Amino acid sequence: MATPKLEWRGVSKRFGANKVLDGLDLSVAEGRSLALLGRSGQGKSVTIKVALGLMVPEAGSVLLDGVDVTHQRERERRASFAGIGMLFQGAALFDSLPVWENVGFRLINADGVPRAEARARAIEALGLVRLAPEVADLYPSELSGGMQKRVGLARAIAGQPSLLFFDEPTTGLDPITAGAINELIRDKVTSLGCTAVSITHDLHSARTIADDVAMLDAGRIVWQGSASELDHADHPLVRAFVTGNPAGVE
Amino acid sequence: MRAHWGETLMGFVVLAFAGIFLAYALGVTGRSSTGSYEISARFGEAGGIQPGAKVTVSGVKVGAVSSVTIDPKTYMAVIRLSVDESVKLPSDSTAKITSDGLLGGNHITIMPGGAADDLKPGGEVANTQGAVDLFGLIGQVMRPKSDAAPAAASSAAPAPKAATDLPEM
Amino acid sequence: MPHSAPGGVIGWVNALGRAVLDGVAAVGRVGHFAARGVAAAVTPPWYPRQILGQFMAVGFLSLPVVGLTAWFTGAALALNIYSGGDRFNAETVMPQIVALGITRELGPVLAALMLAGRVASAMASEIGAMRATEQVDAMFTLSTEPRRYLIAPRLIAATVSLPLLTLLADLIGVAGGMQVSKLLIDLPYSIYITNTVDFITRWDVESGLIKSAVFGFIIGLMGCYHGDTAKGGARGVGRATTSAMVSSAVLILAADYLISSIFARL
């Protein structure tokens, strides 16, 4: 079996007395799109933050292309994380910068691309998420929630990443906008040929954007399968998720 | 950089004001400010002289004390004086530590001598007169020695006589 | 805890011990944060646009408030010497006292306190809001170290700007005193300036500037630290803003006493 693109090995993370991740094992194969399902507060965000190096786990390790990146120093980490893009839940755009500088942030500040060229590439990336070039000079506060998400997505894919993370990409959006974002994500992941990991508690979203689905509960993966298997899964938590019926769970 | 125009303008106004004031101040003081040279003098008693204390000739400021140190061998206080280079001091000048008043700070007065050659930069003033322990003197006047007390009681003369020993202030 | 809290003296001792430990831990955290901030400020990569932007925000835009403060302080100082100092003929040394008071103490301290109010709070709220909306995390995922992009420029700008602002405050404070002297005792400007320049030593000004560099660092550090550790959304950001301002003001005054006592011994 080929080395997985990304792998969590026995990752544990606690906040005070609260154990959020409890020996989590999970891997994503190259070119696959994984959706991480789970109820609120079960450690989905922490799972991604550990993988991104935003949090350091107490135990276990995160392997990127087979290399342990858990305790890398600043310079090495910058190199290994260069091919990673992330779309945050609230888009997390830099509100002091215009849209194009947001999208071209990595190009300007990490890759040393000249500003004029970065601007051109940012506008190109905006086009990929179907935003007009005029948006480039607006500030994030002047955009609607859906447009902010698109700009966030443009920022995540601007550096031609090989691995993308999505944190609740459709939360807080109306169904039509959410559908558009889902399609956009699916489209970009396929066209860029990259690996994707998404957090969601929206089943529809998971079915649209993911090939594989993993169910996280109490800090561990309790069920894993392909998106099409969701409906026939016999795990009570997955069934409760699919039917929206809390009966049978705790 | 949006909507900062008012503040930016105010910033320039403040800078301009400070610049004009600085130029004016330099204009006022620039006329008299020339270079200076350093000489040193040794005193048996520095008496609270501090760097920055003024150096005067005939009551006119000609420089300032730049450092006060102790000579570890002779235990003399070595005071370095920075003197305006337009003031040439004869080599036999006398440096004296004087008080500005009863409660005032001390400064150094230089009494020019009559020699033909001047003190060179880095030279040393040979004749010095250290600080006078004013309160020690006053104490001697107020409380004469105990064996002299009966005599002092019989005659009023010693007190005025001692007072004449006080240096001019 | 409520059900097992030991009463009386032991409870007090416990509380005291915990408070002391918390205090020591806080000092350690700030120290660690400061060390990492300084390390980021002195090693590449630097972000010149950010540094320049912070110089604009911290230094240049503080000019009006610092200038006004200095002017009124110099003027009030001269006024007080006039009305209080004539008891022992001190009004003749008005220029000297104003100059000494401004350069050694009031210039650095008041400029720093104005900056603490204007800048430390702004830094804390800006970084705190960026934390709360995951902008700091986003920056990290875009291969840019937030410590280098956000913290280091602020520390550099605050530490360098404040001495420059203090120099300006010294000048304007003296000008304020000069104006009042002219009005009150009709002291000509030229004499006021000559007296000031003759009296003031290089060290009077330099010691003030050294102080203000330390104050500037305190302001940058407190602003960034409280912003970076802000927790709990808008409320947390509000709290961070207040603590950044209060703690930098208190630390500035404490540092002022400490540095002055060290200088007094030199």
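Residues A:46, A:67, A:99, A:103: which one is surrounded by 18 or more Cβ atoms within 10 Å (Cβ to Cβ), more than 20 Å from residue A:158 (Cα to Cα) and not small (Gly, Ala, Ser)?
On the way: A:67 fails: surrounded by 18 or more Cβ atoms within 10 Å (Cβ to Cβ); A:99 fails: more than 20 Å from residue A:158 (Cα to Cα); A:103 fails: more than 20 Å from residue A:158 (Cα to Cα).
Of A:46, A:67, A:99, A:103, the one residue that is surrounded by 18 or more Cβ atoms within 10 Å (Cβ to Cβ), more than 20 Å from residue A:158 (Cα to Cα) and not small (Gly, Ala, Ser) is A:46.
Could you grab me the full set of residues in the range A:181-201 that are surrounded by fewer than 18 Cβ atoms within 10 Å (Cβ to Cβ) and among the aliphatic types (A, V, I, L, M)?
Passing the criteria: only A:192.
Checking the conditions here, which among B:109, B:74, B:98, B:56 is of a type outside the set (Lys, Arg) and within 14 Å of another protein chain (Cβ to nearest Cβ)? Spell out the reasoning first.
Values: B:109 fails: within 14 Å of another protein chain (Cβ to nearest Cβ); B:74 fails: within 14 Å of another protein chain (Cβ to nearest Cβ); B:98 fails: within 14 Å of another protein chain (Cβ to nearest Cβ).
Just a single option satisfies the conditions, and that option is B:56.
Which of the following residues is modelled with pLDDT of 90 or more and either more than 30 Å from residue C:45 (Cα to Cα) or of a type in the set (Lys, Arg) (or both): C:166, C:103? Working first, answer last.
Numbers: C:166 fails: either more than 30 Å from residue C:45 (Cα to Cα) or of a type in the set (Lys, Arg) (or both).
From the options C:166, C:103, the qualifying one is C:103.
Conditions tested, residue by residue: (1) more than 14 Å from every other protein chain (Cβ to nearest Cβ); (2) within 14 Å of the chain's Cα centre (by Cα).
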residue: A:7; (1), (2): yes, no
residue: A:44; (1), (2): yes, yes
residue: A:53; (1), (2): no, yes
residue: A:56; (1), (2): no, no
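Check residue C:249 against each of (1) more than 30 Å from residue B:23 (Cα to Cα); (2) without any contact (Cβ under 8 Å) to a residue 60 or more places away in the chain and name the one condition it does not meet.
Of everything listed in (1) more than 30 Å from residue B:23 (Cα to Cα); (2) without any contact (Cβ under 8 Å) to a residue 60 or more places away in the chain, residue C:249 misses just condition (2).
For the range C:38-59, give me each residue that is assigned to a helix (DSSP H, G or I), touching a residue at least 60 places away in the same chain (Cβ under 8 Å) and within 10 Å of another protein chain (Cβ to nearest Cβ).
Of all residues in the range C:38-59, those assigned to a helix (DSSP H, G or I) come to C:38-42, C:48-59.
Subset that is touching a residue at least 60 places away in the same chain (Cβ under 8 Å): C:38, C:40-41, C:50-51, C:53-55, C:57-59.
Matches in the range C:38-59: C:40, C:50, C:53, C:57, C:59.
Tell me the residue from C:181, C:161 that is of a type outside the set (Asp, Glu), crowded, with 24+ Cβ neighbours inside 10 Å, more than 9 Å from chain B (Cβ to nearest Cβ) and more than 27 Å from the chain's Cα centre (by Cα), please.
Values: C:161 fails: more than 27 Å from the chain's Cα centre (by Cα).
Being of a type outside the set (Asp, Glu), crowded, with 24+ Cβ neighbours inside 10 Å, more than 9 Å from chain B (Cβ to nearest Cβ) and more than 27 Å from the chain's Cα centre (by Cα) holds for just one of C:181, C:161, which is C:181.
The values are calculated or read from the model by the stated rules, or taken from the named source; none is laboratory data. What you see is a predicted model, and the numbers here were worked out from it, not measured in a lab. In this analysis, Cβ positions are derived from the backbone assuming ideal geometry, glycine residues included, and neighbour counts consider all displayed protein chains.
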